[in-house]
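One structure below.
Computed from the coordinates by the stated procedures, all read-outs in this text should not be read as laboratory data. Keep in mind that what you see is a predicted model, and the values were worked out from it rather than measured. Here the Cβ positions follow ideal geometry from the backbone for every residue, glycine too, while neighbour counts run over all protein chains shown.
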Amino acid sequence: MPDYRIAWLPGDGIGVEVSDAARLVLDAAGFKAEYLHGDIGWEFWCKEGDALPQRTLDLLGETDCAFFGAITSKPGPEAARELAPELQGKGLSYRSPIVRMRQLLDLYICLRPCRAFRGNPLNYRENIDLVVFRENTEGMYIGVEFPAVPEKFQEVPAMKRIPADAAISIRSVTREASRRIVEAAFEYAVKHGRRKVTAVHKANVLRATCGVFLEAAGEVAARYPQIRFETANIDAMGMWLLKNPLNYDVIVTTNLFGDILSDLCAQLVGGLGFGYSGNIGSRYAVFEPTHGSAPKYAGQNKVNPLAAILAAKMMVEWLGDVETARRIDQAVADTIERGAAKTYDMGGNAGTMDMARSVAEAFQFAHQTR
Ligand code: IPM
Ligand code: MG
C-alpha cells in the first residue's frame, strides 16, 4: 500500500511535461504514493466553463495534498470568446484556478525558497539563500473588482474625487491573516536556524492595509526575540535585493508584493526554472513550480523541470518523508554542480526529460560515493 494519496494536476502547456519530469524523479527516489489525476486548465474552461471543475475540488478533499503543474489563462475578453458556443452569454467569468484553490482551501502560506545552487551558471551571486513567505488568501487577490465606481461608493466622501468611470480593485488585509503568515515565517526561521525576518510593506502610502500588516508583524516579532526583525518598503526592497541579496534571509509580505518579490528572488537564483512554491494550509497543501504554462514551449521537451522537481521535493518533505526530500535536494544540487545536464536557459541543450534523468542518476551517484 502506498503511503500517501496525491492529487496530480499537471494542467496544460509545459505543466504536463514538467510534471512528468517530477514524477520520474519521485519514482526514482523510491517515493511510494498513489497519484490520482485531476482535470484542471484552459481546456476545461473552454469545454465546461470551469477551469477547476467540482470533481477536481472533490478529489482535493480525498487526498493528502496536491501537485500542480501550470495552466494557461487569458484576459477576460479572450476567455469569453474561447468558451464553447452553448456556454457563451451566460455570464461565466474566468478566475485563476490556483488563486481559487489557495482561497477555497485556506492555503494561507505561499512558501517560495530561492537558493543559489553551487555551480548554477545563472546565479546572480553565489550563496544567495532567501525564503519568501507570501500571504496567500487576501490582499489584492480577493477578486473584488468593479469596472466603474458602484453608486453606493460614490456616497463615501473620500470617493467624491474619483471619476465615476474609474475601475476599482479592492485590497483587504486582516489582522488574523497577517498574524498567521508572519508567525509562519518566524516559526520557519526558528526551525531552520535562520537569523532574520524582514517584513515588506508600503505603509507610508497604503496606510490602512499595510498598517494592519505591520502592526501584526511587530506583535508576532516580539515573541521571537532570538530572531532579528526588520521592516522595509516594497520599492526599496526591490532595490536592496539587487544591491545586496546576501543581507536578506526570510522575507514576509502581503499577497501582491509577495507575487512580485518572489519573481525577483527567483531571478537572483537562475530564473523561473528554479522557482518553486508550496501553497500550505493547516491541513492541506498544493505544491507547484512558480512558472506559468509557457504555451510557446509546450510539447517540445525543452524547458527546465528543476522548479517542478524542487516543488515535488517540498511536497515530500511536507508529507513527512524528510529523508527522501533530502536525497532529492542533494541529487538536484549534485546535478547542477557537476553540470551533468543543462537545459537551454542554463546555456545547454539538455531536454526536460534529460534533466530529470540526470537528477535520477544522481541518486545512484550519491550512493556510490558515500
Ligand atoms: C504566482 C502566479 C499567480 C499569482 C497567477 C498565475 C495568478 O503569478 O503563483 O505567482 O499571481 O499568484
Ligand atoms: Mg507570480
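For the peptides 275-283, 355-363, 69-77, 185-193, residues were scored by their other Cβ atoms within 10 Å and the scores averaged per peptide; the highest-first order is 355-363, 275-283, 69-77, 185-193. FRET efficiency for the pair Asn127 and Asp27, taken as 1/(1 + (r/R0)^6) with r the Cβ-Cβ distance and R0 = 35 Å, rounds to 0.60. Legend: helices of the chain (whole DSSP H runs) are marked when their alpha-carbon atoms reach 15 angstrom or more along the helix axis and their mean Kyte-Doolittle hydropathy is at least 0.0; marked are 14-28, 207-222, 255-268, 306-319.
The modelled label-to-label distance for the pair Glu219/Val156, using points 7 Å beyond Cα in the direction of Cβ, is 2.3 nm.
If the segment from His37 to Tyr344 were pulled out straight at 0.36 nm per residue, it would be longer than the present Cα-Cα gap by 107.6 nm.
You can think of it this way: the chain between Ala164 and Glu323 has 51.4 nm of extra reach, that is 0.36 nm per residue less the Cα-Cα gap. With only the Cα atoms considered, region 1-160 has a convex hull volume of 194 Å³ per residue. Here the alpha carbons of the chain define both size measures, Rg and Dmax, at 21.2, 73 Å. A viscosity of 1.306 mPa s and a temperature of 10 °C, combined with the Kirkwood radius over Cα pairs in Stokes-Einstein, give a translational diffusion coefficient for region 112-227 of 93 µm²/s.
Of Lys47/Lys74; Lys302/Lys342; Lys152/Lys202; Lys74/Lys296; Lys196/Lys313, which ones are farther than 18 Å apart at the Cα?
Lys152/Lys202; Lys196/Lys313
For region 1-95, the Kirkwood estimate of hydrodynamic radius, built from reciprocal distances between every pair of different alpha carbons, is 14.5 Å.
For Ser277, the residues 5 or more places off, or on other chains, whose built amide H falls under 5 Å of its own are Glu288, Thr290. Potential lengthening of the chain between Ala236 and Val190 amounts to 13.9 nm, from the contour at 0.36 nm per residue minus the alpha-carbon distance. Comparing Cα centroids, region 217-283 and region 288-345 end up 21 angstrom apart. Calculated from the alpha-carbon coordinates, region 238-316 shows an Rg and a Dmax of 13.9, 40 Å respectively. Among Lys342, Lys47, the order by Cβ neighbours within 10 angstrom, fewest to most, reads Lys47, Lys342.
Here the calculated FRET efficiency for Arg118 and Leu264, from their Cβ-Cβ distance with R0 = 22 Å, stands at 0.55, rounded to the nearest 0.05. One quarter of the convex hull surface built on the alpha carbon atoms of region 215-367 amounts to 11.5 nm², the projected area averaged over directions.
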